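This report concerns only the one structure given below.
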Amino acid sequence: MPTVLEHIDAIARQKQRDVLYLTFFDDPQGKRTACEWPENETRAQVIQWLDAHGIAWRECGEIANPNVMRGYRGSIYVDVCYDVDDPVYQQLAALLELPDGTVRLPNMRFWVLSLDVAMTNAHHDEPGFWERWAENF
């Protein structure tokens, strides 16, 4: 059964706030393919930690781009507000980042997508946008 995933920018527009998400890769240069993410040990470790700490997450697409069609690459949205004073954010950041802000775990990236950037794709939310896109792809 096919699964419909939301792009991270659509999630930001729904939440009306900046959102956090993670991308994963297996190649030292950061190249990813759709078939590598299921075996990514870092992804499994992060998901296990999120579940153990009761932090909601879900699979998501990366920022929508109508000029590119790609399969799911393992990205996840983490339902924690980007607020450096929030204890839950602090726990998450402690898991994912070193004190200097670099990533702690291998083969992943920790992102914040601002609502301002997400709003540049607000026209994607118009009824029928993606259906028209698919017809013309």
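When the residues of the range 101-117 are filtered to those that are modelled with pLDDT of 95 or more and more than 23 Å from Trp37 (Cβ to Cβ), which remaining residue is surrounded by the fewest Cβ atoms within 10 Å (Cβ to Cβ)?
So, considering only residues that are modelled with pLDDT of 95 or more and more than 23 Å from Trp37 (Cβ to Cβ), the one surrounded by the fewest Cβ atoms within 10 Å (Cβ to Cβ) is Asp116.
When Ala56 is evaluated against the numbered criteria (1) more than 15 Å from Lys15 (Cα to Cα); (2) loosely packed, with under 11 Cβ neighbours inside 10 Å, which criterion, by number, is the only one it fails?
It fails just one condition, (1).
The values are calculated or read from the model by the stated rules, or taken from the named source; none is laboratory data. What you see is a predicted model, and the numbers here were worked out from it, not measured in a lab. Backbone-built Cβ (ideal geometry, glycine too); neighbour counts: all protein chains shown.
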